[in-house]
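Asker: Have a look at this one.
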Amino acid sequence: MASAAGAAKMERPSEKDRSRRPLFSAGTGSCQFVNRGFYTETIDGELVKYDMARLSCAGSLWRLRGTILSSSSLWLHVILYFLLASMVGVIVGLLVEKPDLLSTTRVREAVNYFCLFVSISVAFHVALAVERWWELRNKLLGELWRATNDLNMILAVHFHTLEHRRLKTLVLRYCLLSFELTFMRARHGKADFDELSRRSLLREDERERLEELEFQPQVVWVWIAGVFHRLAETGKMPSSLLITVYDISTRARGAVGGIFAHLDTQLPFSYLHLISVAVHGNNFAVAAKCGTMAAIAIRNLMSHYPGHGVGASVFAGLHGASMGVGTESIAENVQVLLLQVVQLIFVPIATVGLLEVAGMVSEPFGKGFQDFPRSAYHVWLRDECEAFQTAAEEAPKELSRVADAVETKDSVFVHDVICAV
């Protein structure tokens, strides 16, 4: 990893890499990482990993980048509710002759009960959104990743010599092509064939055929399965292994299809609309309540300091309460005023912030800080599979000696014979 001052240097392929890591040498993808202290991101600004302990401490209050606190929409809502509370306070202060006679107990109870309902609803909504995010990452994108690894491991073991590297590279390139097409279609709705050709993931004849077809990320897996079908057809792969490969290929195709089904199937419109109405309706009620109680508290402070303006009365009340000067009523009104300000700020931050977080995690294939780091995933997946291939080609000699020394007395124990290629 690089230091916090900058990014890691780009790794350059060596002469040895051209045979051991052909796709890395061809430049199918690259990724540079930047260490920001408590988190690491790609040079494109996509989060890779963070320090949970440091993010969970009180210092997180001062961290804005990548958090919901950097959302301009969130702070615009806070300002909106603050202005609403100010308007309600002015109206109560001007139109109500004796605002201290207003009974705020029932108003507080009604708002608090509604706040409790909204809090439970938002918590359930966020939990549902995070669950969908984890399903997308682990069960769908993760299944595509696992299928690619399994397929290339089997291929590396069955065709374990360097002379078969071209075949293994072809299959891995198609797997990475499907992976990239999935991200492109999820982000932009279409594939960038120029970029794929430039990164040596797609040849011209393949591009011509692929451009004419729909559902391109899934179609590539037909090509992959076709490679193994031809190997079995020519006697270079046993039929039992072909069945396994077909199963892995269908799992991968199903994972790609599941990703798009997941992204195209949003939460029910009426459900999300009701959650939004409940959140913003609650915040309007909280703002009205805070404005009313603040107006009453300010009027009471002004009655204790006749001849002072609003600001001077509040300042005098704050100073008197902090110095222990004045009656119990002054300290109580100062406390009420401060609590309304705190509630007016933090309730919208919590409710609107959680609502926005649920929206952010619902589509994690974008280019934002919180989205899946596409470039890092490509590099990790490619390097894993090329490591499998190299490991099989350069296996320790002890492996062959121990395997050749194994003897079985019962011939029934051997169910199939793998042809050597």
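The values are calculated or read from the model by the stated rules, or taken from the named source; none is laboratory data. The structure displayed is predicted, hence computed values, not measured ones. With ideal geometry, Cβ positions are generated from the backbone for all residues, glycine too; neighbour counts draw on all protein chains shown. All accessible areas refer to the heavy atoms of the entire protein, side chains included, with ligands and DNA or RNA removed. Shrake-Rupley method; radii C 1.70, N 1.55, O 1.52, S 1.80 Å.
Asker: From the residues in the range 59-85 that are in contact with a helix residue (DSSP H, G or I) (Cβ under 7 Å, 6 or more places away or on another chain) and part of a loop (DSSP other than H, G, I, E, B), which one is surrounded by the most Cβ atoms within 10 Å (Cβ to Cβ)?
Answerer: Here the residue is 71.
Asker: Please give the number of the condition residue 300 fails out of (1) touching an Asp or Glu at 6+ places or on another chain (Cβ under 7 Å); (2) at pLDDT 90 or above.
Answerer: (2)
Asker: Here is a follow-up. Please go through the range 225-256 and pick out each residue that is open to solvent by less than 50 Å² (accessible area, probe 1.4 Å), touching a Phe, Trp or Tyr at 6+ places or on another chain (Cβ under 8 Å) and within 19 Å of residue 183 (Cα to Cα).
Answerer: Those that are open to solvent by less than 50 Å² (accessible area, probe 1.4 Å), touching a Phe, Trp or Tyr at 6+ places or on another chain (Cβ under 8 Å) and within 19 Å of residue 183 (Cα to Cα): 249, 252, 256.
Asker: Then there is this: Within the range 41-58, which residues are open to solvent by 80 Å² or more (accessible area, probe 1.4 Å) and out of contact with any Phe, Trp or Tyr (no Cβ under 6 Å at 6 or more places or on another chain)?
Answerer: Within the range 41-58, the first condition is being open to solvent by 80 Å² or more (accessible area, probe 1.4 Å), and the residues that meet it are 43-44, 49-50, 52, 54, 56.
Selection gives 43, 44, 49, 52, 56.
Asker: How many of the residues in the range 41-77 are of a type in the set (Val, Ile, Thr) and in contact with a Leu (Cβ under 8 Å, 6 or more places away or on another chain)? Don't jump to the end; show me each part of the working.
Answerer: Filtering the range 41-77 down to residues of a type in the set (Val, Ile, Thr) leaves 42-43, 48, 67-68.
Narrowing the set further to residues that are in contact with a Leu (Cβ under 8 Å, 6 or more places away or on another chain) leaves 68.
Residues meeting the conditions: 1.
Every residue, every condition in (1) touching a helix residue (DSSP H, G or I) at 6+ places or on another chain (Cβ under 7 Å); (2) farther than 30 Å from residue 370 by Cα; (3) surrounded by fewer than 21 Cβ atoms within 10 Å (Cβ to Cβ), yes or no:
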site: 156; (1), (2), (3): yes, yes, no
site: 161; (1), (2), (3): yes, yes, yes
site: 166; (1), (2), (3): no, yes, yes
site: 169; (1), (2), (3): yes, yes, yes
site: 175; (1), (2), (3): yes, no, no
site: 181; (1), (2), (3): yes, no, no
site: 188; (1), (2), (3): no, no, yes
site: 192; (1), (2), (3): yes, no, yes
site: 201; (1), (2), (3): yes, no, no
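Asker: Further question: If you scan the range 222-261, which residues turn out to be among the basic types (Lys, Arg), modelled with pLDDT under 95 and in a helix (DSSP H, G or I)? Before you say what the answer is, go through the steps one by one.
Answerer: At the first step, the residues of the range 222-261 found to be among the basic types (Lys, Arg) are 230, 236, 251, 253.
From what's left, modelled with pLDDT under 95: 230, 236.
Residue satisfying the conditions is 230 alone.
Asker: Among the listed residues 139, 98, identify the single one that is at pLDDT 90 or above and open to solvent by 70 Å² or more (accessible area, probe 1.4 Å). Give the derivation first.
Answerer: Values: 98 fails: at pLDDT 90 or above.
Only one candidate qualifies: 139.
Asker: Search the range 238-256 for residues that are closer than 18 Å to residue 158 by Cβ and pair each with any residue that is crowded, with 16+ Cβ neighbours inside 10 Å and among the acidic types (Asp, Glu) when their beta-carbon atoms are under 7 Å apart and the residues are at least 6 apart or on different chains.
Answerer: Matching pairs, first to second residue: 248/150.
Asker: Out of the range 257-287, which residues are of a type in the set (A, V, I, L, M, F, W, C) and open to solvent by 20 Å² or more (accessible area, probe 1.4 Å)?
Answerer: We begin by selecting, within the range 257-287, every residue of a type in the set (A, V, I, L, M, F, W, C); these are 259-261, 263, 267, 269, 272, 274-275, 277-279, 284-287.
If the condition is that a residue be of a type in the set (A, V, I, L, M, F, W, C) and open to solvent by 20 Å² or more (accessible area, probe 1.4 Å), then 260, 261, 263, 267, 269, 272, 274, 277, 284, 285 are the ones that fit.
Asker: Among the residues of the range 358-405, count how many are part of a helix (DSSP H, G or I), open to solvent by less than 50 Å² (accessible area, probe 1.4 Å) and under 26 Å from residue 132 (Cβ atoms). Write out each step before concluding.
Answerer: Filtering the range 358-405 down to residues part of a helix (DSSP H, G or I) leaves 358-360, 374-393, 397-405.
Pick out the ones that are also open to solvent by less than 50 Å² (accessible area, probe 1.4 Å) and you get 358-359, 374-379, 381-383, 385-386, 389-390, 392-393.
Imposing the further condition that a residue be under 26 Å from residue 132 (Cβ atoms) reduces the set to 358-359, 374-378, 381.
Total meeting the criteria: 8.
Asker: So, one more: Being out of contact with any strand residue (DSSP E or B) (no Cβ under 8 Å at 6 or more places or on another chain), at pLDDT below 85 and surrounded by 12 or more Cβ atoms within 10 Å (Cβ to Cβ) is true for just one of 107, 118, 126. Which residue is that?
Answerer: From the options 107, 118, 126, the qualifying one is 107.
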